[in-house]
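The values are calculated or read from the model by the stated rules, or taken from the named source; none is laboratory data. Not measured: the values here are computed from a predicted model. Cβ sites come from the backbone with ideal geometry, for glycine too, and all protein chains shown count toward neighbours.
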Amino acid sequence: MSTYISFMLFATLLAVAPGPDTFLTLRASVVGGRRRGLFTAAGITAAGAAQGVLAATGLGALLAAAEPVFLTIRWAGVAYLTWLGVTALRDALRRDGSVWTLGKPGARVSGRTAFRQGFVCNITNPKVLAFNLAVLPQFVGDGQGLPALLLYALTLVVVGSIVLVTVVELSSIAAARLTRPSFRRGIDGATGVVMLGFATALAVEA
């Protein structure tokens, strides 16, 4: 139990550290509203659960060992983060304001699209799978099998989803009170720069 509590604390610290998933959820909530933010968070959570199960069952290790597959996932992640960054910067530079006014056509994104954006953002991030493969065995003791690995992997997902929902709620409240398009343009611009930074870091990392 003490080991599990330590892992919970570790998972919480990891979840609150801002990454691509956090910024994508923030942007979705501010620009598109609470519903879009929740669907984005749901997609991220689903992808995180899939990667956790892969790591726990050993399939993740096989994927990571297959360098061509791992490199494909990595460069897919670079491409998708770049696309998200460019899209956010493009919206930030628009002058008509339609993109940042809730209820206007520019802000309407279907739940399926928001879910897909969150899912792809997480599933194409090879660091998530690599983290699961490297960290989970450090907490799971000898003699513990698949159930223990799944417990730890899904705990990480649950803690992450709680943090994302918190981001959705707080950013939705802020967006409702700060209705000026300039506020949402600022969020778009900042998100675009951050996403391009993550894409660059992933591309140059050994």
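Before moving on, here are some points about what is shown:
- The set of residues in segment 40-62 being surrounded by fewer than 24 Cβ atoms within 10 Å (Cβ to Cβ) and within 20 Å of I173 (Cβ to Cβ) consists of A42 alone.
- Search result, residues across segment 46-76 that are hydroxyl-bearing (S, T, Y) and under 16 Å from C121 (Cα atoms): T72
- Restricting segment 116-140 to residues that are of a type in the set (A, V, I, L, M, F, W, C) and farther than 18 Å from A65 by Cβ, the residue that is surrounded by the most Cβ atoms within 10 Å (Cβ to Cβ) is C121.
- Scanning segment 18-49 for residues that are within 11 Å of the chain's Cα centre (by Cα) and more than 13 Å from V157 (Cα to Cα) turns up P18, G19, P20, T22, F23, L24, T25, L26, T40.
- Check on A64, touching a Phe, Trp or Tyr at 6+ places or on another chain (Cβ under 7 Å) and over 21 Å from W83 (Cβ atoms): yes
- Listed here are the helices (runs of 4 or more DSSP H) enclosed by segment 18-98 that have at least 2 residues being without any contact (Cβ under 8 Å) to a residue 12 or more places away in the chain: 59-65, 67-92.
- In the condition set (1) under 22 Å from D188 (Cα atoms); (2) at pLDDT below 80, I44 is compliant with all but (2).
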